[in-house]
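For reference, the structure discussed in these notes is given below.
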Amino acid sequence: MQNLIEMEVEGKPVVLNPGTSLSFEWNNPLFAQEVIPGSFSLPFTIPAAPNGQVFGFPEIVANTKDSRREWPCTVYCEGEQINGILKLRKVTEQTYTANVQIGFSAFGELIKNKSIRDFGYGGERVMGEDLTQVLNHMQDTAKRPADFDYVFAPVHNPSLYGDKNTQYRGYVNYYNMQDYQAVAPGGSTLEWYDSEGNPVYHYFAYNLGFSVMGSSGSTANAISPFPKLKYVLEQVVAELGVQFQEDFFDEELSQLYILSNTVLDRLTTAGGLEGFTVNNSYRYSFHMKDQLPNLTFSQLLQALKDTFGLSVQVGLDKTVSIRKLRDLLEQNDYQDLTPYVSPGVEMPIEERQGLTLRYKLDDDVSSERVQDLPEGHRLLDPVETPADLQALNYTGPTPEHNDVRYVRSEKAYYRYSLMEEPIGWGFLTEDYMPLLVNGGGDDLEQGIALTLDSNQVLVYDTNNPASNETMKMPSFGVEGYSAPFGVFNVPQSLRLAFYRGYQPIKEQKENRLYPLLSGDNYNARGEQIGQYSLKLDGEHGTYATFLQSWMELQANPKPVIRQLYLNMPALKKIDFNRKVNIDGNRFLIKKLKFSLPLRKAVTAELIQVKK
């Protein structure tokens, strides 16, 4: 009997038993919340003797080759081919039992142990030949972000060094807003003038821009480049050698950057009259891979999928495609499968489901500043400022233990306590509450780690509060990676922020601009500067802009099962990133079950969507 299917492993023909058929289950990873479902064939057997050389004779007991490896394979049927990964499951002297993984599963096998830190990203990046050139380079990345794959901008991370660097003031990529210099050669002090023409005598080593803060070589600050998310994705798929299609990165989303906790420290010692001092001149080069979290590429895709409502697919030709689910569900784009449908419909009845969308808290700052409202709390009317909580003209109900009020100026909830400090009204949590879908239910955590934005008051002169200036910036408490200081933490979570260019400080001062990273779409003065926010709620949040239509579909699924008489060209054209049409109704494909060669109908598990 002649086989209607053929198979190759690493370009070598595999001898199949006469009449071999391969039964596949092809799952849409879109419908997996945590674990990507497998797409695979059922086990099949092949004769050992003619295939021993292909697989390295795994039936020989003394063979030292590892038969647990994955073999890239191609299945040919009716003039079409399906790419996948073959794995041996059992071997005897007569037969090998194997199965083939396809789609996302095959791609996942290729990269399941491949950290995004394992790729090259263009090799070493040289920023300059001395400290001044490095600081100028940092400024260039902030001024011309389109010309670089990374950016330097200030963040607040008080936990960076743990207890290893007592000089550290809590800022990475500190940005100096005082436009004067200070220490002249030989230690004498020169007279400089501030922006209003007043003479000043100060001790800053650099003028406006990125600064080491304090005397030259101080360890008070750290510097760290933040990789551009789009660049990282594009480089990984390019180095994997697969095709890549996406419709996610519009102009604003292209300005998402990965916040790193790896800093470019380079400690030196210098002798003087008062003994040796330790200085930090910073490294003059870095590798992009070292600035990334320790995530596999699959974990990175899953984090983006859960945060932005993305459909991440790998076709039977190994093309990786990313689409916004919002667009997939709302656009009138579909494949028409009506010509292939068989009579008869099966419609399982599924209960309505509720979901609770939560933030991922994994750092000292957010864990301290964000928590759930107390069980059984009473939510009273909001107020404008904390002072209004004690207003004498208050006419509402008498506060009771665990009452809660929202304070608009602080974007925070305050709790009234009679049993715990502070007694009376006190801060409870910033406004990062779980978001309930369909009344709430199973928890679904945001894919990225929550990074709070905070207003950092930079004190330049303790005797002149008017000189203080307030910068909004990301704030997180995560121990970092700095070999010279003996801290070696590589994060396991993805932390993102938008780069918003140069924005004004909070105070109403002219020409006081700094490079802003933020999780929302407002600057320090509360002016809207973008259309997207990484918060869950609000009109610009991820739920309203990306997740809502998809979450509502998950909460109210309407499954339908149909039988489709597909041929191989039609099967190869199936795209999980498009809706399908059957008899005027629109669906997403959840799962396909089929056997090659296609002698029987393909079973399609579908979820009905709006037209």
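The values are calculated or read from the model by the stated rules, or taken from the named source; none is laboratory data. Everything numeric in this text was worked out from a predicted model, so none of it was measured. Positions of Cβ are backbone-derived with ideal geometry, glycine not excepted, and every protein chain shown enters the neighbour counts. Accessible surface areas use protein heavy atoms only, side chains included; no ligands, DNA or RNA. Shrake-Rupley method; radii C 1.70, N 1.55, O 1.52, S 1.80 Å.
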Of the peptides 516-527, 48-59, 567-578, how do they stack up when ordered by the mean number of other Cβ atoms within 10 Å, highest first? 516-527, 567-578, 48-59
Per 0.36 nm of contour for each residue apart, how much would the distance between Gln353 and Glu234 grow if the chain were fully extended, relative to their Cα-Cα spacing? 39.2 nm
Of all accessible surface on segment 543-611 at a 1.4 Å probe, what whole percent is carbon and sulfur? 45
Net charge of neighbours whose Cβ lies under 13 Å from the Cβ of Leu534, counting Lys and Arg as +1 and Asp and Glu as -1: -1
In order over segment 156-161: 3J(HN,Hα) from phi, Karplus 6.51/-1.76/1.60, θ = phi - 60°, whole Hz, x for each Gly or Pro, gives 10, 9, x, 9, 3, 9
Would you mind telling me the share, in percent, of accessible area of segment 355-444 contributed by carbon and sulfur at probe 1.4 angstrom? 47
The chain, helix-only ellipticity at 222 nm - DSSP H runs n ≥ 4, -39,500 (n - 2.57), divided by all residues, nearest 500: -3500 deg cm²/dmol
Need the full-extension length gain, Asp118 to Glu410, defined as separation in residues times 0.36 nm minus the C-alpha distance. One decimal, nm. 100.9 nm
Quickly work out the Asp333-to-Asp381 label distance, labels modelled 7 Å from Cα along the C-beta direction, and quote it in nm with one decimal. 5.0
Packing-based ranking, highest mean first, of 126-132, 482-488 given that Cβ atoms within 10 Å are counted: 482-488, 126-132
Extended-chain gain in nm, criterion 0.36 nm per residue less alpha-carbon gap, Ala544 and Asp250: 104.1 nm
Whole number please: convex hull volume per residue of the Cα set in segment 355-444, in Å³? 116
How much accessible area per residue does the chain have, counting only protein heavy atoms and a probe of 1.4 Å, in square angstrom? 46
Measuring from its Cα centre, the chain shows a charge dipole (+1 at each Lys and Arg Cβ, -1 at each Asp and Glu Cβ) which, in debye to the nearest 20, is 2000
Probe 1.4 Å, all protein chains present, accessible-area order of Ile529, Ile423, largest first: Ile423, Ile529
Karplus-derived 3J(HN,Hα) from phi for segment 561-575 (6.51 cos²θ - 1.76 cosθ + 1.60, θ = phi - 60°), whole Hz, x at Gly and Pro, runs 10, 10, 9, 10, 8, 8, 9, 5, x, 5, 5, 5, 7, 4, 10
Residues whose built amide H sits under 5 Å from the amide H of Asn176, excluding neighbours closer than 5 in sequence, are Gly209, Phe210, Ser211
The summed charge of the Thr470 Cβ neighbourhood (under 9 Å; Lys/Arg +1, Asp/Glu -1) stands at 0
Excluding Asn332 itself, calculate the net charge of residues whose Cβ lies under 15 Å from the Cβ of Asn332, where each Lys or Arg counts +1 and each Asp or Glu counts -1. +3
Show me, for segment 52-59, the HN-Hα J-couplings you get by feeding each phi into the Karplus relation (A = 6.51, B = -1.76, C = 1.60, θ = phi - 60°), rounded to Hz, glycine and proline as x. x, 5, 5, 9, x, 6, x, 6
Calculate the FRET efficiency for Asn463 and Gln53 from the Cβ-Cβ distance with a Förster distance of 60 Å, rounded to the nearest 0.05. 0.10
